[in-house]
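No value in this document is a laboratory result; all are computed from the given coordinates. All values derive from a computational prediction rather than experimental measurement. Positions of Cβ are generated from backbone atoms using ideal geometry, with glycine treated the same way; all protein chains shown enter the neighbour counts.
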Amino acid sequence: MTMKTKENAQVRYEELAAIDKQHFMHPTSSFKQQQEKGPGFIFTEGKGIYLKDIRGKQVIDGLSSLWNVNIGHGREELGQAAMDQMKKLAFSSTFSTNSHEPAIMLAEKVAQMTPGDLTMTFFTSGGSDANDTAFKTSRQYWRLKGKTDKKKIISRNKSYHGVSVGASSATGLPGFRNFPSLAPDFYYVDSSIQALKEMIAREGAETIAAFISEPIQGSGGVNLPPENYFKEVREICNQNEILFIADEVITGFGRTGTNFGIENFGAVPDMMVIAKGISSGYAPIGGMVISEKIKNELIELTDGVYMHGYTYSGHPMCCAVALKNLEIIEEENMIENVRNMGAELQNGFKWLAQRHEEIGNIRGIGLLGAVEILKDKETNTRFADPVSVKVVEEALNHGLLARSIVYEGQDTLAFAPPFCINKEEVETIISIIDKSLTEVKKKGLK
Ligand SMILES: Cc1ncc(COP(=O)(O)O)c(C=O)c1O
């Protein structure tokens, strides 16, 4: 940037920042921080793993924005797919059995990619509404089968399922439920088979409609399940007539090195919730996928209309973009790259742990990984003042947009870079974390 363009960019930044403060209510943000400091970045463009802001600062997008820009930024083919579809048919309804080619072809594509007999997709605009759809549908399913008491939904502590009334009610991170009057009949369980069994015994299987879980918890800290957890969950759900819903919003479409996260753990759910990676964030779309068995039972048992549908269920442009995105992931063997670069990321974590005694609890699968910062590894104690927040701040100075997770007393750094990342770029991320942590340590840890 020349001096003059830099000055102009600063002027425009300030103009936009003033308007932002006055008119833009941000999602999951601090009102006070916005008013005191203005917007964080005002991003203007993206390419591959990089984002650039209005003042010309370039950063690595270490979490693929919100774990969603999986193919990376700046893929013009997706813009072309959106334009082609909009020129032909920008919108038509899919209510009352009307249909269009992009939704039909995307539903088929999803069915080809999912494990087991998960074959039919209901489309939404994102993950929260897809979870609400799964909750309503699972409760309705039992009602149609005459089991009207089966209403409770069990989710895991530290889970994140979104922010609609139903999805926040299912979220096992209490901070997200800190709103009055969320939905009834949601229960939270610790991540052990014993705890699940105890809850079912306590509440009564005849009152439980579904158990929902992310295959790997994302926002809760990139937490892998205990050994054999989902195999046992599958059995318990079968034994107790409880539907098993896998929330694949983060883990779906390649993030863990397989099409879906649950495939790593040898179980097939009855329903799957999808969003984010289906379109890599280029268009807002999500969905609920149901098994052939549930589909057939719903067909048989439902008299009249399934009274549930969003205006944008199966939006033609979003479906066309998602189809193109999935085609790119396949044609460019991106899931293989996720596996290879995931291994590099884990090597990087190990290297960091050798250099910094505070780094522990290294974990991850594919391009979904985390490290924790610990005061004492043996007792698993954290520093009183979370270190990861300071590392993230410092990393920005070195060109990395990273994510710290401090819910529930954690001090975690989470990583989920775009699938197009290469070895040098993984190494850059690791070396920035190394430098940033070194600098934070120099200032003293409390
Ligand atoms: C596992 C999981 N489920 C559901 C959601 C909610 O999706 P959305 O924000 O698209 O409503 C998210 C979002 O981060 C998520 O991570």
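By how many degrees, between 0 and 90 and to the nearest 10, does the Cα long axis of helix 127-144 differ from the longest principal axis of the chain?
20
For the chain, go through all pairs of different Cα atoms, get the mean of 1/r, take its inverse, and jot down that Kirkwood value in Å.
23.0
Quick one: helix 316-331 against the long Cα principal axis of the chain, what's the angle to the nearest 10°, folded into 0 to 90?
Between the helix axis and the principal axis of the chain, the angle is about 70 degrees.
Explain nothing, just the number: relative contact order of the chain, from Cα pairs under 8 Å at least 6 residues apart, as a whole percent.
19
How many percent of DSSP beta bridges within region 76-331 run antiparallel, rounded to 5?
Expressed as a percentage, antiparallel bridges in region 76-331 total about 40.
Apply the a/c threshold of 1.5 to the C-alpha gyration tensor of region 1-78 and tell me whether it is rounded, prolate or oblate.
Since a/c reaches 1.5 but b/c is at least a/b, the shape of region 1-78 is classed as oblate.
How long is region 372-446 along each principal axis, judged by its Cα atoms, biggest number first, in Å?
Dimensions of region 372-446 along the principal axes of its Cα atoms: 37, 24, 20 Å.
Taking the chain as the reference, fit the longest principal axis to its C-alpha atoms, fit the long axis of helix 387-397 to the helix C-alpha atoms, and give the angle between the two in degrees, 0 to 90, nearest 10.
Long axis of 387-397 versus the principal axis of the chain: about 60 degrees.
Quick check on region 257-318: take the gyration tensor over C-alpha atoms, sort the square-rooted eigenvalues as a ≥ b ≥ c, and tell me if it's rounded (a/c under 1.5), prolate or oblate.
oblate
Just how large is the dipole of region 76-331 about the Cα centre, in debye to the nearest 20, putting +1 at every Lys and Arg Cβ and -1 at every Asp and Glu Cβ? Provide the component values of the computation, followed by the final result.
On the way: 23 positive and 30 negative charges, 132 e Å.
In total the dipole reaches around 640 debye.
Give a quick list of chymotrypsin sites (Phe, Trp or Tyr not before Pro) in region 338-412 that DSSP marks as loop, anything other than H, G, I, E or B, with at most 10 other Cβ atoms within 10 Å.
none
What number, in percent, do you get for the relative contact order of region 254-356 if the mean sequence gap of Cα pairs under 8 Å and at least 6 apart is divided by its residue count?
After rounding, I find 33 percent.
Taking 37 °C and 0.692 mPa s as the conditions, I'd like the Stokes-Einstein D for region 108-210 in µm²/s, using the Kirkwood hydrodynamic radius from alpha carbon pairs.
Details: Rh = 14.8 Å.
So the translational diffusion coefficient is about 222 µm²/s.
Taking θ = phi - 60°, what integer Hz values does the Karplus form 6.51 cos²θ - 1.76 cosθ + 1.60 yield along region 56-70, in sequence order, with x for Gly and Pro?
x, 7, 9, 9, 6, 8, x, 10, 6, 6, 10, 6, 10, 7, 5
Please give the charge dipole size of the chain, origin at the Cα centre, charges +1 on K and R Cβ atoms and -1 on D and E Cβ atoms. Round to the nearest 20 debye.
Result for the chain is approximately 980 debye, rounded to the nearest 20.
I want to verify a result. In a Gaussian network model of the chain, Cα cutoff 10 Å, which of these has the top mean-square fluctuation: 145, 375, 87?
Residue with maximal mean-square fluctuation among 145, 375, 87: 87.
Sort 241-253, 43-55 for me by packing, meaning the mean count of neighbouring Cβ atoms within 10 Å per residue, highest on top.
Final packing ranking: 241-253, 43-55.
Report the residue, chosen from 15, 108, 76, that carries the largest GNM mean-square fluctuation when the chain is represented by alpha-carbon nodes joined by springs under 10 Å.
15
Evaluate the relative contact order of region 130-287 (contact order divided by residue number), counting alpha-carbon pairs under 8 angstrom at least 6 apart; express in whole percent.
Answer for region 130-287 is 21 percent.
Charges on Cβ only, +1 for Lys and Arg, -1 for Asp and Glu, centred on the Cα centroid of the chain; of 65, 92, 119, which one is farthest towards the dipole's positive end?
65
With 10 Å bins from zero, work out the P(r) of region 1-134 over every alpha carbon pair and list the percent per bin.
Calculated P(r), rounded to whole percents: 9, 23, 31, 22, 12, 2, 0.
Just check region 135-294 against the gyration tensor rule for me: Cα atoms, a ≥ b ≥ c as the square roots of the eigenvalues, rounded for a/c under 1.5, and otherwise prolate or oblate depending on whether a/b exceeds b/c.
rounded
List, in order, the whole-Hz ³J(HN,Hα) value for each residue of region 262-269 obtained from phi through the Karplus relation with A = 6.51, B = -1.76, C = 1.60 and θ = phi - 60°; use x for Gly and Pro.
Result, rounded to whole Hz: 5, 5, 6, 10, x, 9, 10, x.
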